[in-house]
1. Picking from B:400, B:331, which residue would you name as being outside the structural domain of residue B:224 (by TED's automatic domain parsing), at pLDDT 90 or above and farther than 25 Å from residue B:448 by Cβ?
2. Just one of (1) surrounded by 15 or more Cβ atoms within 10 Å (Cβ to Cβ); (2) in contact (Cβ under 8 Å) with a residue 24 or more places away in the chain; (3) not in a strand (DSSP E or B) trips up residue B:214, so point out which.
3. Test each condition in (1) farther than 24 Å from residue B:27 by Cβ; (2) surrounded by fewer than 20 Cβ atoms within 10 Å (Cβ to Cβ) for residue B:143 and report the one that comes out false.
4. Quick check, is residue B:438 in contact (Cβ under 8 Å) with a residue 40 or more places away in the chain and either more than 11 Å from chain A (Cβ to nearest Cβ) or closer than 30 Å to residue B:428 by Cβ (or both)?
5. Scan (1) assigned by TED's automatic domain parsing to the domain that holds residue B:615; (2) surrounded by 17 or more Cβ atoms within 10 Å (Cβ to Cβ); (3) closer than 30 Å to residue A:71 by Cβ for the single condition residue B:567 breaks and write down its number.
6. Residues that are outside the structural domain of residue B:630 (by TED's automatic domain parsing) and under 18 Å from residue B:607 (Cα atoms): does region B:498-506 have at least one?
7. Kindly evaluate residue B:439 against the criterion of being modelled with pLDDT of 90 or more and either in a strand (DSSP E or B) or under 30 Å from residue B:581 (Cα atoms) (or both).
8. Considering only region B:541-567, state which residues are at pLDDT below 90, over 21 Å from residue B:493 (Cβ atoms) and touching a helix residue (DSSP H, G or I) at 6+ places or on another chain (Cβ under 7 Å).
């Protein structure tokens, strides 16, 4: 509703989730809410990283516990590639600080959402990320 | 008288003599003429001469005259017609006197009847009979008389023979005397033999009694001794029998010598007997004890003449006496030194002997006896249970009645201690050799310290029991706590597992539900969406419900033992933790070579397996093992089911290997481990199922082995 009223900048979003049914639901929801966002999906960290390298998404929404490569590991690598990338972490663990500490680079995850995921929280996080990206982009353009 | 007168008288006498001769001659002639005589005797200057008449009979007469027997011919009335000279000798009368006299006048008056009888019977029988003749000279002569009838000048006459028995008698007498002498000699021999025997017997008796006799004569200082002294005094040769008093005194033990000599000096006629003991040092060095009894004799002036007596070796007796004395001394010192009280009572119940311990306890003076009744009356005596004890029950009196009292206890406030003493009494009757009771002996032991210790011990025991009970309760509490903790830990694990199992479907369900609102807002809500969403929601809910059921079944305590398949139980367990292991990227492989069954508690068994798997998972996670792996093998060995669970987490250090089954032992931090898992597993497998659980290191990890 809100998003519709404000014209969206071109935003790219990477969604990584190993549980297929959950991934399908999230894709369905996010495309419904943000139809303009370019959405890429992966079922583990390593394919997620490959996609990121290809598309350089602005926002990464990722599960933590996944086979092959977990969310934290992937986040570190993405952060190394593009430090300003926004991270929204979906986790089963309650303790957000622990999660933050678990990263070697002490990455500041922008949003940590504890499962089960509530739409309002998820949407608010995505909205904030988009706004920040928009401000940054407009600042950039102003600078230009 | 005048010669004339003498001549006349001589002439007259001569005439008378001649007249008598004439008459005699005339008579002789008449006798010859009548045949009354056949010999006559003519007395001439050469002595009387016998003249026989019948010359033809001359040889017989010579025979008769030379016969050793006296012979005579008699008239039937016993008048001697003729006799030989032998008979005349026997009768000590001249032949001329005998002829014409009656023969029986020479027979002893006692034999006259038998003589007459024989004469009367002679025509019928003639046997010899012994009679005594009385010669004119005096001494009677025993003769053997026989007679026979004969015809003398046509008339009945008698021939008589007398054999002189004097020689025979003399011989007989001699023989008798010789016999007598012989018998006397025999008697003497016998008597001396008996004397010898008796002497020997005495010597024997002396030897056996280890005694010897002695005879001392102070005047000569000679001592004579019986042979038995040789062995006693160890003397040989003559010295044993003949000795001097001086010598003997030297043998006496120096300590006894003076006393002995003094005693001998003090002997006197009014006190001549003595008995004394002294010691003798023998030549072989051995000291013996002698007991000597002697008797002194004195002469008229009161001087000592002789001392005779018997000495007996009493060394053996002395030794026995000494030993007895020693024994008695020992017994005395024992009785005196013993801490227990000892009371000897006589038949009347009077204590005749009490040892110092007893005297002290009852403050008795040295003057025993003490009456048991009196003693009992002065004290309050209680039975062990505290009730008064009647005096009849007192052990000395019971023992006097023949009872043997063993460990009878009494409580007495004795004068010495002044406090209640627990006493244990043993008493028994004292019997004489015939088994008659002559008293009783009681031994009393003060067991107060023992009793006190007993009380203390009992108290201590009670306290100890209470403490043990308390401790046991504590332990039980602790056990229960342990169980609870273990259960809670398991619950925690399970909740974690459930969380893992549910997180995904729960998240998905949340997304499905929230979609409704989103789709509605977009105006895209339609029947197809609702149907699809409900269907997928129900799918998720059923899955979650099944997960709950699985865990509930898993946690339901086994009500009773049952037969279950090991493979199935393990598969079930693995499925519960599958998501958890999957999230950790741990690969679990179950290899079932066999499909054994176990009779027991299925869920407990699964719990044991689960604990081991959790342990492996934790180790793999902690050590960040690359390619973590758990392999479960199931097989049958013999009649046992065997399950091995191996990981590749690098193994357990040997120094803690033996501790891993201890309760509360953990290598993990406090929030991660309770230290109960493996302890519980071992308890379940070994205590509850009678199996065995062991762990060992293998190449790249640890292997747990369960045998049931």
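1. Criteria check complete, one pass: B:400.
2. For residue B:214, the exception is condition (3).
3. Single failed check for residue B:143: (2).
4. Yes, satisfied.
5. (3)
6. Looking through region B:498-506, at least one residue is outside the structural domain of residue B:630 (by TED's automatic domain parsing) and under 18 Å from residue B:607 (Cα atoms).
7. yes
8. Hit for region B:541-567 is B:562, nothing else.
The values are calculated or read from the model by the stated rules, or taken from the named source; none is laboratory data. Here the structure is a predicted model, which is why all the values come from computation and not from measurement. Here the Cβ is made from the backbone with ideal geometry for all residues, glycine too, and neighbour counts use every protein chain on show.
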